[in-house]
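Undergrad: Questions regarding the structure given below will be posed in turn.
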Amino acid sequence: MAKLENSNVMNVAKNGFFSAAYQLSMMLINLVTRSFFLQYFGVEILGINSTFTSILNTLSLAEMGFQTAIIFHLFEPLENKKYEKINEIMNIYRIVYNFIALFILIASICILPLLPNILNNVTVNFEIYFFFLLQSLNTVFSYICSYKRTLLFADKKDYVCKIIDTFINLLFSILRIFSIFLFTDYTLYLLLFILQTILSNILVHSYCRRNYSFLIKKSINLQLFKKIFVSVKDVFAAKISNYVYSSTDNIIISSMVGATAVGYLVNYTTIILQLKSLISLLLNPIIPIIGRSLVNNKDEIKTEQQFRTITFFRFILTLIIVLPCAVLLNMFIKIWIGPNFILEDFTILLLIIDFYISIIYAPCYEYLNAGGYFKIEKKAMLIAAILNIVLSIAFTFYIGLNGVLVGTVITQIFLWLYRSALLYENCFNKIRKVFVLYWKEQLFYIMFFLVLCLILSYLCGIICIENQVLNFVVCGFLCEILTLILFIVFFCKSEYSVSLKSVITSLFLKK
């Protein structure tokens, strides 16, 4: 067996630790800031802010998936220390991002006349236009000097970005809270976001300039650009799909139901997105290792076993994080911002289904992307994007806000089925029996999750402690303890529990 590379383990450990620290600090800061935001600015401004974010995410589609393609093309030269090629790739990336920043600025100005049609039940005046332009500038600056972050990620040094981002975010979050409390000035609030983005990117850029001395500006290599762009065209379909899930919901709700409805929903989605990001940041350091492992490892059976073990590990995370969220989300919202912001149980159910699927099936596209199988996903992603928009709009006419979420959930299920089939077809040598086994396992995981969710909901429902915070803590403790007990009973002796440590460790091996 190959020797374990200490540098690999150390870098991944650093990435995971600092990513988790960054996300936890973000979650805490966002909760505190959101409380002040709602108190001083109101739910309508929150809805407008979230809608503008969704619009700008639409414009960010101009990125077309260059980041994913660049990461894939960096794996091989980083592995073999081909510094000249790395420099050529990063020069292409720099020029592309500068063009994207310019495009978003121009497109934002062109969108201004459309804002009255997008913001239903909102009086669009000069201030609203100005707020949109400030949020647009923040997006523009997020592309300038930020391209080197991708090199750090591909080189397993993403912890550097997280250290910088955590410190800068903490500093500016304190400044934003004080600005809300002292001045109640939304313009100042947005300007602080812009300054935060600029300073954070400058610090990352400076670190890379000192530690990657071979990076110099030079003319673009057109032949290499064409090669990368072939991957970009295929990744773009997945980019559209990701945008559809993360951004179009707010736009549809704002235009068909109202911006205030977005404000109510975004309180829930903010919590869920923070938890998703926490899980992703904990596991993202494995992605570059998967990419390099697929380059060197041709053992499809071993790779498939690794895939199912990583999926099982994600299932454990759903039990630890998603399950308590399903049981306690309304209780938390009531404590955090009050009972007036509570949404109905069916809305929570749809949000949790989407949350569960997004966590459990992520290895499907992580392996496909790490293996460079961008083209085979393209058709499915485009179908999914169209399906989500059509279903969301159609269902909204009948069941309002929940209609958008129903459309998203149906599309998520479609993508899970399709992507898993693509993965077994192309990466695991069409092992049909194993593919069926994968889905038998997933159905068992789902049933286990649902039954445990019903049991915990009932038990937490009969716990009535007068102090709401103490009641929340006791219910949360009950969720984790009972989950641990039942997990030990049903899964302790499973092959994945036994082999999880060794299989994940093997991902760090370099042949």
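The values are calculated or read from the model by the stated rules, or taken from the named source; none is laboratory data. Note that this is a predicted model, so its numbers are computed, not measured. As a convention, Cβ positions derive from the backbone with ideal geometry for all residues, glycine included, and neighbour counts pool all protein chains shown. The protein model used for the area step is the full one, side chains on, heavy atoms only, and it has no ligands, DNA or RNA in it. Shrake-Rupley method; radii C 1.70, N 1.55, O 1.52, S 1.80 Å.
Undergrad: Decide, for segment 150-190, between rounded, prolate and oblate: order the square roots of the alpha carbon gyration tensor eigenvalues as a ≥ b ≥ c, take rounded if a/c falls under 1.5, and otherwise choose prolate if a/b is larger than b/c, else oblate.
TA: Verdict is prolate for segment 150-190.
Undergrad: Take the alpha carbon gyration tensor of segment 400-455, find the square roots of its eigenvalues, order them as a ≥ b ≥ c, and report rounded if a/c is under 1.5; if not, report prolate when a/b exceeds b/c, else oblate.
TA: Because a/c hits 1.5 or more and a/b fails to exceed b/c, segment 400-455 counts as oblate.
Undergrad: Shape of segment 85-126 from its Cα gyration tensor (a ≥ b ≥ c, root eigenvalues): rounded if a/c is under 1.5, otherwise prolate when a/b > b/c, or oblate?
TA: Since a/c reaches 1.5 and a/b is larger than b/c, the shape of segment 85-126 is classed as prolate.
Undergrad: Could you work out what % of the accessible surface of segment 348-480 is carbon and sulfur, using a 1.4 angstrom probe and leaving DNA, RNA and ligands out of the count?
TA: Ligands and nucleic acids excluded, carbon and sulfur reach 73 percent.
Undergrad: Highest mean first, what order results for 434-445, 459-470, 305-316 on Cβ atoms within 10 Å?
TA: Highest-to-lowest ranking by the protection proxy: 305-316, 434-445, 459-470.
Undergrad: Could you go through segment 28-37 in sequence order and give the Karplus-derived ³J(HN,Hα) for each residue, using 6.51 cos²θ - 1.76 cosθ + 1.60 with θ = phi - 60°, rounded to whole Hz, and x for Gly and Pro?
TA: 5, 5, 5, 5, 5, 5, 4, 4, 5, 4
Undergrad: Given a 1.4 Å probe, how much area per residue of segment 163-209 is accessible, in Å²?
TA: That works out to 49 Å² for each residue.
Undergrad: In addition: Stretch residue 274-residue 480 to full length: gain in nm at 0.36 nm per residue minus the Cα-Cα span?
TA: Between residue 274 and residue 480, full extension yields an extra 72.2 nm.
Undergrad: Leaving ligands, DNA and RNA out of it, report the carbon-plus-sulfur percent of the accessible area of segment 60-111 at a 1.4 Å probe.
TA: 68 percent
Undergrad: Given a 1.4 Å probe, how much area per residue of segment 356-434 is accessible, in Å²?
TA: Result: 42 Å² of accessible area for each residue.
Undergrad: Of 81/227; 148/379; 302/433; 82/227; 85/302; 162/227, which pairs sit farther than 25 Å apart, going by alpha carbon to alpha carbon?
TA: Result: 148/379; 85/302; 162/227 exceed 25 Å.
Undergrad: Short version: ³J(HN,Hα) in whole Hz for each residue of segment 401-411, in order, from phi by Karplus 6.51 cos²θ - 1.76 cosθ + 1.60 (θ = phi - 60°), x for Gly and Pro, what are they?
TA: 3, 5, x, 5, 5, 4, x, 5, 5, 4, 5
Undergrad: Apply the Karplus curve 6.51 cos²θ - 1.76 cosθ + 1.60, θ = phi - 60°, to the phi angles in segment 345-362 and return the couplings in whole Hz, x for Gly and Pro.
TA: Computed from phi, the couplings for segment 345-362 are 4, 5, 5, 4, 4, 5, 5, 6, 4, 4, 4, 4, 4, 4, 7, 6, 9, 3 Hz.
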